[in-house]
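Contents: one structure, followed by commentary.
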Amino acid sequence: MFPHGKNYYLKSVYQSGGPQAEVAKSVFKKLSDFNAAPGNEIEHHYFFEYISHRVTLSVPEDATAFARPHAGVTGSILKWDKSTPNDDEAVKRAVRELTDIIAEAEAQVSGEAIKGYGNFGQRHLSLLMSSITD
């Protein structure tokens, strides 16, 4: 999943409802451009969460330590071998561009910016990475 010695960057953003077709197409177009760029040594991945939050949202808001908006988590997972200042900047820029596509579309729909982090357990990340690497 995340072998020792590699570099990883994960960034998530919330999205209410399921992915909008045009927004998802924009994300995957940008993803394709990043991965096909000449000299690119970074693996760019993006995920959309398709799980029910019914049980999670049944727990009272003040009983947990993390934000639980009524939205799914989407996000970037980037992976690369050598850490250089150029790669580090490219990773931050790519992640920002990818998650901003979702955040800007969400702001138009809901009227609020919902950037944040998702709570991913080991099993959840294992499922995400196995689907990416298969």
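None of the figures in this text is laboratory data; all of them are computed from the coordinates on show. In this text the structure is predicted, and so the values were computed from the model without any measurement.
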*Full extension from ALA21 to ALA37: what is 0.36 nm times the residue separation minus their Cα-Cα distance, to one decimal in nm?*
3.3 nm
*When the chain is fully extended, how far beyond the present Cα-Cα distance does PHE28 get from GLU104, taking 0.36 nm per residue of separation?*
25.8 nm
